[in-house]
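Q: Please read through the structure below; I'll follow up with questions.
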Amino acid sequence: MATKDKTTYVCSECGGTSAKWLGKCPSCNAWNTLQETRAEAPGKNRMQALARGLNAVQPVTTLADIEAADVARTPTGLEELDRVLGGGIVPGGVVLIGGDPGIGKSTLLLQALDALSRSMPVLYVTGEESGAQVAMRAHRLGLDGSKVRVQAEIQLENIIATMEAERPSFCVIDSIQTVFSDQLTSAPGSVAQVRECAAHLTRVAKSSGCTTVLVGHVTKEGALAGPRVLEHIVDTVLYFEGDTHSSFRLIRAIKNRFGAVNEIGVFAMTEKGLKGVSNPSAIFLSTHSEPVPGSCVLVTLEGTRPLLVEIQALVDSGGPSPRRLSVGLDRDRLAMLLAVLHRHAGIACFDQDVFVNAVGGVRISEPAADLAVLLAIQSSLRGRALPKGFIAFGEVGLAGEVRPAPRGQDRLKEAAKLGFTVAVVPKANAPKKPIDGLTIHAVERVEEAIELARSLS
Ligand code: TYD
Ligand code: MG
């Protein structure tokens with residue numbers, strides 16, 4: 001029975017609906033996110049037939065009686081991508097990959113498609129480029145004679161029909177925002193279209209066992225465009241990030257039902273596509289021949305690998321309302337650290353502009369960066385460089401205490417391996433046995449760390 005279409009309002013953040021327009025989404029409380037869409041009449045949807053197989057009543061079993069099955073993973077042949085995926089692709093797994101335009105999503109996926117095409121049927125559906133453009137990229141990547149099947153298509157029904165005919169084991173939809181379905185009255189690219197198309201493709205992936213990668217656009221704010229529900233319906237969410245001016249690219253898992261999150265993969269964009277960087281520990285250091293004021297090297301731990309990243313700070317006399325800006329670090333955290341610096345170490349920056357940057361376009365979310373940020377700020381303020389071969393890490397609390405960072409030993413070993421000689425670390429991270437070539441100063445309080453940095457520089 002066909003019901004009449006009527007207008008509803010859909011939240012672009014969470015996908016929640018409301019019968020009338022409201023300034024605030026009733027589901028997620030976001031402001032100004034409700035957009036007018038035409039409600040779909042139920043039952044007329046052809047794709048619902050496809051899903052029907054999944055709607056059969058499933059038996060109920062006691063958990064203890066269910067045999068745990070580990071999913072088989074197929075490596076993609078790109079080691080750094082496999083690392084974030086948790087070992088490789090999983091049959092029926094749906095991966096959403098987001099990132100700024102031009103960061104290299106299509107390049108990475110084309111490389112993965114080509115590598116996988118040697119062992120399984122693969123399909124590349126492109127809605128943004130023509131087949132000729134894809135061929136040009138493949139040529140540039142040195143993938144002549146590739147067996148990747150390509151379809152330039154944006155209509156959902158046609159894509160699903162192709163998937164049924166070609167039966168690929170690995171399929172890439174580039175991008176989900178370009179896909180639209182005739183069955184929906186809302187405009188292509190709208191929240192309802194993106195959400196419904198992603199949901200259908202997910203169902204097809206689950207029922208056919210085809211690993212599906214959806215490429216997603218990123219909004220100005222850095223979130224995946226389209227409703228947040230996209231992130232809920234897929235198994236894995238990856239973000240591709242990096243500074244388009246530098247050649248390094250990081251791929252990060254935000255959610256992964258088949259592996260660990262916070263693992264990162266590192267690539268370098270070259271003339272011939274993306275190359276994995278298997279030993280990335282020192283790529284985020286800038287090359288000063290002599291130490292400069294306002295710079296402090298941090299050992300951060302992303303996933304399982306320690307990375308050395310340079311934190312730069314510039315403290316400069318500001319106007320009546322001084323600015324606090326940070327690139328790659330959390331700005332609220334910076335404000336908090338400045339307050340701690342003032343209150344517990346007596347260093348005031350309230351009349352100064354403070355800029356902080358993590359070199360190389362890397363984004364650091366772990367609090368273990370705190371100590372390095374504080375030391376870089378005090379170094380800039382005093383105009384005195386920290387000594388050569390200096391590293392620091394540790395979380396700073398509001399009471400001025402320096403808290404330990406996870407896996408301190410690994411961080412220190414990596415720093416020693418790369419020739420660093422002096423380290424300021426939280427007391428609990430001080431190793432029991434000395435580490436060759438590294439002088440370690442263990443601190444408990446912020447003022448101790450600042451005092452120590454002063455005496456060293
Ligand atoms: P692309 O994969 O098209 O980005 P996205 O799909 O995320 O929008 O990446 C395009 C950029 O990468 C473009 O600026 C050119 C650059 N590039 C290289 O430097 N080397 C290469 O081999 C290729 C294919 C692209
Ligand atoms: Mg692209």
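The values are calculated or read from the model by the stated rules, or taken from the named source; none is laboratory data. What you see is a predicted model, and the numbers here were worked out from it, not measured in a lab. Cβ atoms come from the backbone with ideal geometry, glycine included; neighbour counts cover every protein chain shown. Just so you know, the surface numbers come from the protein's heavy atoms only, side chains and all, with ligands and any DNA or RNA stripped out. Shrake-Rupley method; radii C 1.70, N 1.55, O 1.52, S 1.80 Å.
Q: Of the residues that sit in segment 323-344 and are closer than 21 Å to V446 by Cβ and outside any helix (DSSP H, G or I), which one is most open to solvent (accessible area, probe 1.4 Å)?
A: D330
Q: Follow-up question, since we're still on this one. Could you tell me how many of the residues in segment 91-104 are open to solvent by less than 10 Å² (accessible area, probe 1.4 Å) and away from ligand 1 (no atom under 15 Å from the Cβ)?
A: So the answer is 3.
Q: Condition first: within 16 Å of ligand 1 (Cβ to nearest atom) and of a type in the set (A, V, I, L, M, F, W, C). Can you find one or more residues in segment 155-168 that meet it? Steps first, please.
A: Pass one, segment 155-168, residues within 16 Å of ligand 1 (Cβ to nearest atom): none.
No: segment 155-168 contains no residue that is within 16 Å of ligand 1 (Cβ to nearest atom) and of a type in the set (A, V, I, L, M, F, W, C).
Q: Which condition number in (1) open to solvent by 10 Å² or more (accessible area, probe 1.4 Å); (2) outside any strand (DSSP E or B); (3) within 16 Å of ligand 2 (Cβ to nearest atom) is the one that T162 fails?
A: (3)
Q: Spot the failing condition for S286; the list is (1) outside any strand (DSSP E or B); (2) open to solvent by 50 Å² or more (accessible area, probe 1.4 Å), and only one is missed.
A: Of the numbered conditions (1) outside any strand (DSSP E or B); (2) open to solvent by 50 Å² or more (accessible area, probe 1.4 Å), the odd one out for S286 is (2).
Q: Confirm whether G145 is without any contact (Cβ under 8 Å) to a residue 60 or more places away in the chain, within 16 Å of ligand 2 (Cβ to nearest atom) and not basic (K, R).
A: no
Q: Applying the selection to segment 105-153, what residues are more than 16 Å from ligand 1 (Cβ to nearest atom), more than 26 Å from A268 (Cβ to Cβ) and open to solvent by 20 Å² or more (accessible area, probe 1.4 Å)?
A: Within segment 105-153, M120, P121, K147, R149, Q151, E153 meet the criteria.
Q: Say we look at segment 230-283 and pick out the residues that are within 16 Å of ligand 2 (Cβ to nearest atom) and not aliphatic (A, V, I, L, M); which of these is most open to solvent (accessible area, probe 1.4 Å)? Steps first, answer last, please.
A: Step one: of segment 230-283, the residues within 16 Å of ligand 2 (Cβ to nearest atom) are 238-242, 244, 249, 251, 267, 269, 273-274.
Adding the requirement that they be not aliphatic (A, V, I, L, M) leaves 239-242, 244, 249, 267, 273.
Values: Y239: 34, F240: 6, E241: 25, G242: 23, T244: 81, R249: 12, F267: 3, G273: 3 Å².
Among those residues, the one meeting the criterion is T244.
Q: Of all the residues that make up segment 289-312, how many are open to solvent by less than 10 Å² (accessible area, probe 1.4 Å) and touching a helix residue (DSSP H, G or I) at 6+ places or on another chain (Cβ under 7 Å)?
A: Residues flagged as open to solvent by less than 10 Å² (accessible area, probe 1.4 Å) and touching a helix residue (DSSP H, G or I) at 6+ places or on another chain (Cβ under 7 Å) within segment 289-312 amount to 9.
Q: Condition first: among the aliphatic types (A, V, I, L, M), in a loop (DSSP other than H, G, I, E, B) and within 13 Å of ligand 2 (Cβ to nearest atom). Now tell me which residues in segment 89-114 satisfy that.
A: Across segment 89-114, the qualifying residue is only I103.
Q: Give the number of residues within segment 115-142 that are outside any helix (DSSP H, G or I) and within 16 Å of ligand 2 (Cβ to nearest atom). Don't jump to the end; show me each part of the working.
A: If we filter segment 115-142 for residues that are outside any helix (DSSP H, G or I), which is where we start, we get 118-130, 141-142.
Those left that are additionally within 16 Å of ligand 2 (Cβ to nearest atom): 124-130, 141.
Adding up the residues that qualify gives 8.
Q: Listed residues G360, G319; which is more than 21 Å from P406 (Cβ to Cβ) and surrounded by fewer than 15 Cβ atoms within 10 Å (Cβ to Cβ)?
A: G319
Q: Going by the structure shown, is V194 closer than 17 Å to S106 by Cα and either open to solvent by less than 10 Å² (accessible area, probe 1.4 Å) or within 16 Å of ligand 1 (Cβ to nearest atom) (or both)?
A: On the way: closer than 17 Å to S106 by Cα: no; either open to solvent by less than 10 Å² (accessible area, probe 1.4 Å) or within 16 Å of ligand 1 (Cβ to nearest atom) (or both): yes.
Considered against the rule, which asks whether it is closer than 17 Å to S106 by Cα and either open to solvent by less than 10 Å² (accessible area, probe 1.4 Å) or within 16 Å of ligand 1 (Cβ to nearest atom) (or both), V194 comes out as no.
Q: Identify, please: which residue in segment 168-191 is assigned to a loop (DSSP other than H, G, I, E, B) and at pLDDT 90 or above and is, among those, surrounded by the most Cβ atoms within 10 Å (Cβ to Cβ)? Walk me through it before giving the result.
A: Looking only at segment 168-191, we keep the residues that are assigned to a loop (DSSP other than H, G, I, E, B), and these are 168-169, 175, 179, 181-190.
Next cut, at pLDDT 90 or above only: 168-169, 179, 181.
Numbers: P168: 24, S169: 19, V179: 26, S181: 23.
Among those that are assigned to a loop (DSSP other than H, G, I, E, B) and at pLDDT 90 or above, it is V179.
Q: Quick check on my filter: what residues within segment 371-408 are in a helix (DSSP H, G or I), of a type outside the set (V, I, T) and open to solvent by less than 10 Å² (accessible area, probe 1.4 Å)?
A: L371, A372, L374, L375, A376, Q378, S379, G408
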